[in-house]
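Below: one structure, written as structure tokens.
The values are calculated or read from the model by the stated rules, or taken from the named source; none is laboratory data. Small disclaimer: the values here were computed from a predicted structure and weren't measured. Cβ: placed from backbone, ideal geometry, glycine included. Neighbour counts: every protein chain shown. For the accessible areas, the whole protein counts, side chains as well, though only heavy atoms, and no ligand, DNA or RNA atoms are used. Shrake-Rupley method; radii C 1.70, N 1.55, O 1.52, S 1.80 Å.
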Amino acid sequence: MATERDGREAQERTSKLVPEVKASGTNFWMIVIVAIWFSSSIVFNVTAQMLLRNLPSAEDMTIIELMVTVLVGALTLPPRGHRLLAKEDGFPLKSSFSLGLLHLFNCRSFVYSLQFIPTSLAQTIRATNPVWVVLLTFALGARYGLLVLCSLLPLVGGFALAVGAEPSGFEPQGILAAVLSVNAQVCVNLLGQRCMARSREGSGRALHAFEVQFNSCFFALCILVPIWLMGGGASRLLGFLSVVDDQLRNRILVLSLADGFLYFTEQSASFAALNSFRPLNFAVVDTLRRLLIVLVAGFWVQGSALSASSALGVLLVLTGGVWFAYARDREDQRRTLEKQDWPLPRSGVMTISALRSSPLALGCSQFG
């Protein structure tokens, strides 16, 4: 009897330990995901700047980046059970083409901005994502409370400080390109979220975020290739590679492969983190990631001057991002308790409830 009782007690103790072991394992993988996400984001921004300096044209960099990204996706997504060029009721060809066009505009605008402004300022502008989210979704029918709107003030103030503190002076074309890139990124996320929401409403297999991302990259490449060829891009790049020495040619090859692979890794880790954290926690972690990109890739590696005004501008923008996430979380909780939901027309982009549940509503970026 004693042996049987001891056995039951041991089994009970073991069953109590199982949740702790599972939680410990979950926490470990969350740390691994965040470490991969942070490191790939930082190194990607460094390699992108290095590749841009070594190529004859920014357009060449975009074509190489998209080609490597599509190749990596084609080799890695099917073994993980994801489809390439998935076609569902909520993801018709016109949506794929629109996603590709917006994604291409996002990439080209951001790379163009880096020719005039440093990485630190470009990433600070990208961190003002919530401002453009509110403006665009407000135009589509979304409404926000006072706390959410007040959270935009430090974002706008930090943006103005960061731009005004740039030691090289005001570069309007670089600033405008970075702002256009952010807005294109917001539109990509809105359209991608709508496609995934519609596929979940259908009877078939729902779209995965990786599949939407691959479609956007693939169609962006399809749109850019003929433009690049007609503009003499192939002869320009091949001519450049034929006259440079072997060391520079090998350097460009390594940077090109690393740049595309890091971009794909960053996006995969971003989606994995999004599935592991609550939206508010994800927004805080994403803000910390952007801060590290600005500090490491911008001020440290690139050597941008860190003045008191630029540092204050960066901190204001990032603080505003966290405040915005907190305000949206509070607003969502209040609306959930009140059991209110205002759907947009089917011709609109998405319902308010879908906006609330999406990373975009918290100013988080799927592609940035």
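Structure notes:
- Label separation (Arg335 vs Ile31): 3.7 nm, computed from points 7 Å beyond Cα along the C-beta direction.
- Full extension of the segment from Ala160 to Val243, taken as 0.36 nm per residue of separation minus the current Cα-Cα distance, would add 25.5 nm.
- Accessible surface for Met30 stands near 40 Å², nearest 10, in the context of the full protein assembly shown (1.4 Å probe).
- Once the Cα-Cα distance is subtracted from the 0.36 nm per residue extended length, the Val225 to Leu288 segment shows a gain of 19.1 nm.
- Proximal charge balance of Asp259 [Cβ under 11 Å; K/R count +1, D/E count -1]: -2
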